[in-house]
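Trainee: Below: one structure in C-alpha cells.
Here, each number is a calculation from the coordinates, and none is a lab measurement. Everything quoted here is computed from the prediction, not taken from an experiment. Positions of Cβ are backbone-derived with ideal geometry, glycine not excepted, and every protein chain shown enters the neighbour counts.
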Amino acid sequence: MLESPIAEQVFSGQDGAAARALEEKIQRGDDKPMGAVYLVGGGPGDPDLLTFRALRLMQQADVVVYDRLVSPEVLELVRRDAEKIYAGKERAKHTIPQEDINRLLVRLAKEGKRVVRLKGGDPFIFGRGGEEIDTLMQEGVMFQVVPGITAAAGCASYSGIPLTHRDYAQSVVFVTGHLKDGSVDLNWPALIQPDQTIVFYMGLQGVQSICEGLISHGMSAETPAALVQQGTTRHQRVFIGSLTTLPDIVHRSQVKAPTLIIVGNVVRLHDKLAWFEPSAAN
Ligand SMILES: C[S@@+](CC[C@H](N)C(=O)[O-])C[C@H]1O[C@@H](n2cnc3c(N)ncnc32)[C@H](O)[C@@H]1O
C-alpha cells in the first residue's frame, strides 16, 4: 500500500480521494494491484532538471510510455525492468496516433500497471496533456500530472537570455510556430506588443513565415532573435541574429529540431549573460 497509487495520492495532497480509494479497496476485499497513470514532465533534456516526484514515479513505474523529446539521459533514470514503449512523434510522422496513445494508457492502467507517461518539457505546454487526462478521467483511471521545466524556461536559462527583464520586457508569450497548410496562422497584433518577449515552440520549419509575419505587422526587422537548439543538453547550440537574418542562419548552420525561437530585446543580454558550457556538461 505504501508504494501504491493511493500513497501517491496522499503525497500529492489528495487525501480525500486517497481515503475513498482505500475504503473502496477494503470493501471490495481484492488484492489486485491498482493501476494509475502519471503524466510526467521530463523537462528539456538535462536530467538534473527533473523534479523529485518525477524521479520517484519513474523509479516505481511498471511501464513508461515516452515521447521523442525525452532525452536518453532522462530515460536512463527509469526503473531498469520497466517496459518502455516509444510513442514519439515527428513532424508529419505520428508514430502512434494520439487516440491510440490515450487508449493504450487506459488499458495499461486497467491491467493494474503503474504507468508513467513521460513527455518532454511540461505536459501542459504544447504537450497534449489535457487530451490525455480527459480520456483517463472519462474512463475513471487514477492519474496525476507532474509538471516539468518547459523548453522556454530551460532554454532561456541555459542560453543566458532572461525572458523578462526590467529594462527590456515586461511580458512574455509562448506561441506555437507550427506550420498549417504551409503557413503560420497567428494573432500577429497581439505578438508585436512593445516590451514583450515572444517564444516560438515548433517554429523551425516556419521560421521564414514567422519572421516575415512579424515584420509585415510592424515589428522592426532589426529586432534581435535567437535560436536555441537542444537547449540544456551538451548538444546545445545558440545562434543570435535578427528577424532579417534568422531564416538564413537556420539554413546556413543547419539548425535542427528541437529548436526554440526567442524574439525580443532580451536577446541582447545573451552576450553578457551566457554561462552554460555545453561541451563540459554531462
Ligand atoms: C510539441 S512541443 C513540446 C513542448 C514541451 N511540452 C515543453 O513544455 O517544452 C515541441 C517543441 O518544444 C521545443 N523544445 C522542446 N525541447 C527543447 C529543447 N531541449 N531545446 C529547444 N527546443 C525545445 C521545440 O520548439 C519543439 O519543437
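Trainee: Which three lengths, in whole Å and largest first, does segment 156-282 cover when its Cα atoms are put on their principal axes?
Mentor: 41, 34, 21
Trainee: Sticking with this one: Calculate the all-directions average of the projected area of segment 161-206's alpha-carbon convex hull, and give it in nm².
Mentor: 3.4 nm²
Trainee: Per residue, what volume in Å³ does the convex hull of the Cα atoms of segment 113-158 enclose?
Mentor: 64 Å³
Trainee: Then there is this: Label points 7 Å out from Cα along the Cβ direction at residue 188 and residue 26: separation in nm?
Mentor: Here the modelled spin labels are 6.4 nm apart.
Trainee: Report the number of Lys pairs in the chain whose alpha-carbons are under 25 Å apart, with separation of 8 or more residues or on distinct chains.
Mentor: So the count works out to 21.
Trainee: Please give the helix 98-110 orientation as an angle from the longest Cα principal axis of the chain, in degrees from 0 to 90, rounded to the nearest 10.
Mentor: Taking the Cα atoms of the chain, the angle to 98-110 is about 30 degrees.
Trainee: Given the chain reduced to its alpha-carbon atoms as identical point scatterers, what log10 I(q)/I(0) does the Debye formula return at q = 0.08, 0.09, 0.10, 0.17 Å⁻¹?
Mentor: -0.39, -0.48, -0.59, -1.27
Trainee: How long are the semi-axes of the ellipsoid equivalent to segment 138-182, from square roots of 5 times the Cα gyration tensor eigenvalues, in whole Å, largest first?
Mentor: Equivalent ellipsoid semi-axes, largest first: 30, 19, 11 Å.
Trainee: What would the Debye equation give as log₁₀ I(q)/I(0) for segment 96-216 at q = 0.12, 0.19, 0.22 Å⁻¹, counting only Cα atoms as equal point scatterers?
Mentor: -0.61, -1.06, -1.23
Trainee: Can you tell which of 213, 198, 226 lies farthest toward the positive end of the dipole of segment 191-272, using +1 and -1 charges on the Cβ of basic and acidic side chains (Lys, Arg; Asp, Glu)?
Mentor: Farthest towards the positive end: 226.
Trainee: Taking Cα pairs under 8 Å and at least six residues apart, what relative contact order does the chain come out at, in percent?
Mentor: 18 percent
Trainee: Evaluate segment 1-89: find the radius of gyration of its Cα atoms, find its Kirkwood radius, and give the ratio Rg to Rh.
Mentor: We get a ratio of 1.03 for segment 1-89.
Trainee: Taking square-rooted eigenvalues a ≥ b ≥ c of the alpha carbon gyration tensor, is segment 42-167 rounded, prolate or oblate, where a/c under 1.5 means rounded and, failing that, a/b exceeding b/c means prolate?
Mentor: Prolate.
Trainee: With label points built 7 Å along Cα→Cβ from the Cα atoms of residue 181 and residue 257, find their separation and express it in nm.
Mentor: That separation, rounded to one decimal, is 2.1 nm.
Trainee: Pop out the Kirkwood hydrodynamic radius of segment 92-142 from its pairwise C-alpha distances, inverse of mean 1/r, in Å to one decimal.
Mentor: 11.6 Å
Trainee: From the C-alpha gyration tensor of segment 189-240, pull out the three semi-axes of the equivalent ellipsoid (sqrt of 5λ each), sorted largest to smallest, in whole Å.
Mentor: Numbers: eigenvalues 103, 28, 19 Å².
Calculated on Cα positions only, the semi-axes equal 23, 12, 10 Å.
Trainee: To the nearest 20 Debye, how big is the dipole of the chain about its Cα centre, given +1 on the beta carbon of each Lys and Arg and -1 on that of each Asp and Glu? Please list the in-between numbers first.
Mentor: Numbers: 29 positive and 33 negative charges, 79 e Å.
Charge dipole of the chain: 380 debye, to the nearest 20.
Trainee: Where nothing but the Cβ of Lys and Arg (+1) and of Asp and Glu (-1) is charged, how large is the charge dipole of segment 11-69 around its Cα centre, in debye to the nearest 20?
Mentor: Approximately 80 debye in magnitude.
Trainee: Now for a separate question. Based only on Cα atoms, what mean projected area does the convex hull of segment 8-56 have, in nm²?
Mentor: Quarter of the Cα hull surface area: 4.2 nm².
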